[in-house]
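Just below is one structure, and these are the notes that go with it.
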Amino acid sequence: MAFLPVEEQLEIIKRGTVEIVPVEDLVEKLKRSVKENKPLKIKLGVDPTRPDLHLGHSVVLRKMRQFQDLGHHAILIIGGFTAMIGDPTGQNTTRPPLTEEEVAENAKSYIEQAQKILDTTKLEIVNNNDWLGSMSFIDVIRLTSKTTVARMIERDDFSKRFNNNEPISLHEFLYPLAQGQDSVHLENDVELGGTDQKFNLLVGRQLQKDSDIEPQVCLMMPLLVGTDGSAKMSKSYDNYIGIDENPNDMYGKSLSIPDELIYKYFELVTDVPLEELPGIQEKAESDPRNAKHDLAYAITKLYHGEEAAKGAREHFEQTVINKQVPDYAPEYPITAGEVVRILDIISDLNFSSSNGETKRLIKQGGVSIDDEKVSDIGLELTLESGEEKVLKVGKRKYAVLKGA
RNA sequence: GGGGAGAUACCAAAGCGGCCAACUGGGGCAGACUGUAAAUCUGUUGUCUUACGACUUCGUAGGUUCGAAUCCUGCUCUCCCCA
């Protein structure tokens, strides 16, 4: 296929990118690629520890996709070997290493999800266990001799942990080397990663140089801030929007991000055309409410299609704005005439983690039946056959109580 | 190898024999206000119990005591200093 002119490619590549080190090398590589009609090898390493992908992961995956669309060759590395070490990046404590079986299973699930973003028909998938796993101890020692302790602790998370008197296990130093060795093995032109990966990516560049391979260009994408507006998006902070999430939740969660993030999200996790971005930035400031709805729509559409996005918007208007009961509310059957405690109903529905919490919710006015706040902790109810009541717990948990 | 310090709830951090289910801050949850935004105010945040109260919890296993997060001993883990 014919490649786009270098300038046009660059513009697409630079979207949302924090840093390209060094950008001149990328220009050179692109020029040569166009001239020789030869795709660049783009490397992205993924850690198969947590297989649930969310929009945070999508940032760098989307960048990968953009390279694919530009005609370049995408290589996804499953960090089967490195996962057994545990990437220290961003961890304040050492990660538990995974077994080979877990890795295989997680990798499978990862790829399944990633195909919502990547073009898997044109994707090369490799496992770094294939080459790292067979290295001998002497190979490893030679590898370690290529860098120094001072360089290692110069890395941000290490120096922080070091200064905070937190433990750093020796094996964690090997992680960047292992990742760098991947680049030596693949001889890739570009490696993608989050800004937190900068150090690791640069190690790859250095190791390639040492092995007389043309060094890779490191391209860093920002870490997407989660829906809470402060920490990076992560499952463990529960501030994430999963790419597998149902349209309604996806839409709703997208709306719950702080206003300041609207533009960033448009830039990083949607496919709105480059030329529309300036207009969006303006709208995000002048009319954040609607801009955010546009965003929620765009995100939902990306993963579920136009119809579902429309449905999610209607659903939102219906339930939140007009305060109607969502149609997915679970039904809770109650035998006609039977006396049931409200406490038990909520517990059965898993709407609260303990009876103590339920009582607290009731005391604070967080529970209502048919729009009427429940004030009595010990409330018991009975339903006639066919009778229905709507139970609401907290902000957005609904159930339909149905006499049967 | 030698010496010293430490391990408390989601996180940080007080408490150092009974008044401790454990101060305080952050986070979370709920209410008011709103745009499922922010800011603000209020309440709440171990389990069971309508409640009184009961039970489990302060790295881990034992011990001392009427009584332990607090004292003693073993163990595990971490940090610092020296070599």
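The values are calculated or read from the model by the stated rules, or taken from the named source; none is laboratory data. All of these numbers come straight from a predicted model, not from anything done at the bench. All Cβ positions, even for glycine, are placed from backbone atoms using ideal geometry, and neighbour counts span all protein chains on display. These accessible areas exclude ligands, DNA and RNA; they are computed on the full protein's heavy atoms, side chains included. Shrake-Rupley method; radii C 1.70, N 1.55, O 1.52, S 1.80 Å.
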Query - Filter pass, A:ARG161 being more than 26 Å from the chain's Cα centre (by Cα), of a type in the set (Lys, Arg) and not in a loop (DSSP other than H, G, I, E, B) - result: no
Report summary line: Selection from segment A:39-55 of residues modelled with pLDDT under 95 and part of a loop (DSSP other than H, G, I, E, B) yields A:ASP47, A:PRO48, A:THR49, A:ARG50, A:PRO51, A:ASP52, A:LEU53
Query raised in the report: When only residues in segment A:227-257 that are open to solvent by 30 Å² or more (accessible area, probe 1.4 Å) and of a type in the set (S, T, N, Q) count, which is farthest from RNA strand B (Cβ to nearest atom)?
Result: A:ASN246
Query raised in the report: Does A:LYS359 count as surrounded by 12 or more Cβ atoms within 10 Å (Cβ to Cβ) and modelled with pLDDT of 90 or more?
Result: yes
**Report entry** Members of segment A:199-220 that are surrounded by fewer than 18 Cβ atoms within 10 Å (Cβ to Cβ) and not in a helix (DSSP H, G or I)
**Finding:** A:SER211, A:ASP212, A:ILE213, A:GLU214
Requested in this report: Would you check if there is a residue in segment A:316-326 being within 13 Å of RNA strand B (Cβ to nearest atom), open to solvent by 50 Å² or more (accessible area, probe 1.4 Å), under 30 Å from A:TYR297 (Cβ atoms) and in contact with a His (Cβ under 9 Å, 6 or more places away or on another chain)?
Outcome: no
**Report entry** Enumeration of residues in segment A:286-344 that are modelled with pLDDT of 90 or more, at positive phi and assigned by TED's automatic domain parsing to the domain that holds A:THR382
**Finding:** none
Report summary line: Within segment A:5-29, restricting to residues that are open to solvent by less than 30 Å² (accessible area, probe 1.4 Å) and assigned to a helix (DSSP H, G or I), the one that is nearest to A:LYS41 (Cα to Cα) is A:LYS29
Query raised in the report: Checking A:GLU338 against (1) surrounded by fewer than 16 Cβ atoms within 10 Å (Cβ to Cβ); (2) near RNA strand B (Cβ under 8 Å from one of its atoms); (3) not hydroxyl-bearing (Ser, Thr, Tyr), which test does it fail?
Result: (2)
**Report entry** Residue check, A:ALA329 farther than 30 Å from A:ALA404 by Cβ and open to solvent by less than 20 Å² (accessible area, probe 1.4 Å)
**Finding:** no
**Report entry** Failed condition for A:LEU223, given (1) in contact with a strand residue (DSSP E or B) (Cβ under 8 Å, 6 or more places away or on another chain); (2) assigned to a helix (DSSP H, G or I); (3) under 22 Å from A:THR49 (Cβ atoms)
**Finding:** (2)
Report summary line: Checked pairs for segment A:247-261, first farther than 12 Å from A:ALA284 by Cα, second assigned to a loop (DSSP other than H, G, I, E, B) and within 8 Å of RNA strand B (Cβ to nearest atom), C-beta under 7 Å and 6 or more apart or across chains, list as A:ILE257/A:GLY229
Query raised in the report: Counting only residues that are in contact with a Ser or Thr (Cβ under 9 Å, 6 or more places away or on another chain) and within 16 Å of RNA strand B (Cβ to nearest atom), which one in segment A:162-194 is nearest to A:GLN208 (Cα to Cα)?
Result: A:PHE173
